[in-house]
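Bear in mind these aren't lab numbers, they're just calculated from the coordinates by the rules spelled out. Quantities reported herein were computed from a predicted structural model and do not represent experimental measurements. As a convention, Cβ positions derive from the backbone with ideal geometry for all residues, glycine included, and neighbour counts pool all protein chains shown.
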Amino acid sequence: MMDARRSKRYSVCMRDDRGKDKGGVLAEHGSWEAVYRDLKPEELPWNAGGPDPELVSLVDSGAIPVGRAIDIGAGPGHDAIFLAKRGFRVLALDIAASAIELAKANAKKARVGVAIDFRVEDVLKLSSPPGSATFVNDRGCFHVLPEHQRRDYLRRIGDVLVRGGQLLLRTFSEKEPPGPGPHRFTGEQLERIFFPRFDFLRMKEGLFEGPRKPKALVCLLRKK
Ligand SMILES: C[S@@+](CC[C@H](N)C(=O)[O-])C[C@H]1O[C@@H](n2cnc3c(N)ncnc32)[C@H](O)[C@@H]1O
């Protein structure tokens, strides 16, 4: 379990809009790769140890149909593993090679290793062809990107999805107290950012499962 005395380590994103370091896990370790190299899996603040409950409920209710999924910023891979188990064809990508190694090990334990295409890749340089995904899962990747990268993110995700394809987006909410860590968003801000390429199907308040349980906004979007 996490040690509360070390909680400084458990803030996540640390770059302001000019890419200047603001402090937190990334600043402490220097890169996403180093975060995964230096911390044990159970010390990763976002490691929920299993799939996101909202993802499970949306897939199991049929709101997200089985298809071709990309899990971006897959981290320990729990969501990718869940999607593979439900019959999705899954690409799991992360900018950190050590995150992908961890996800591969978790998938092997879950006996779905061969069903997932793992890639070390920057979402901003996504190489998958346009229209190659029906579903994109983002649990905590968008909100760690600096503001100036949002437009590229939107373009890449918008292009890779088929028309009508869905994006499940989970970000810190503005209700999470200010401090270092991921960007906090209001619903209106997310609507403004994603409006050019997406309609919002649902938006609700929730939390990120894991040791800290920060307040979240959970949004299901459909590509226009
Ligand atoms: C807060 S963690 C969430 C990990 C995972 N989705 C989960 O819920 O456990 C954010 C992840 O995004 C990855 N990441 C950050 N920037 C990225 C980028 N530009 N492209 C791909 N992955 C990125 C990090 O390496 C990290 O694994």
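Quick look at the numbers
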read-out: Taking Ile100, Ile70 and counting other C-beta atoms within 10 Å, the order from fewest to most; value: Ile100, Ile70
read-out: Label-reachable residues, the range 78-100, where backbone N falls under 17 Å from a point 7 Å from Val114's Cα toward its Cβ; value: 84-90
read-out: Whether the range 100-191 is rounded, prolate or oblate, judged on the alpha carbon gyration tensor where a/c under 1.5 counts as rounded; value: oblate
read-out: The range 49-64 - phi-based ³J(HN,Hα) in whole Hz, Karplus 6.51/-1.76/1.60, Gly and Pro as x; value: x, x, x, 5, x, 5, 4, 4, 5, 5, 6, 5, 8, x, 5, 10
read-out: Kirkwood estimate for the range 110-149, i.e. one over the average of 1/r between Cα atoms, Å; value: 12.7 Å
read-out: Flagged links, alpha-carbon separation over 26 Å, of Lys125/Lys224; Lys40/Lys213; Lys125/Lys215; value: Lys125/Lys215
read-out: Neighbour-count order for Val218, Val136, fewest beta carbons within 10 angstrom listed first; value: Val218, Val136
read-out: From phi via Karplus (6.51, -1.76, 1.60), per-residue ³J(HN,Hα) for the range 115-127 in Hz, x at Gly/Pro; value: 7, 10, 8, 9, 9, 7, 7, 7, 4, 6, 10, 3, 9
read-out: Least to most buried among Lys204, Lys85 (fewest other Cβ within 10 Å first); value: Lys204, Lys85
read-out: Listed residues Leu169, Leu201, Leu102, most fluctuating in the chain (Gaussian network, C-alpha, under 10 Å); value: Leu201
read-out: Gly181 long-range amide H proximity, modeled H, under 5 Å; value: Val12, Cys13
read-out: Stretchable slack from Gln189 to Arg163, in nm (0.36 nm times residue separation minus alpha-carbon distance); value: 7.1 nm
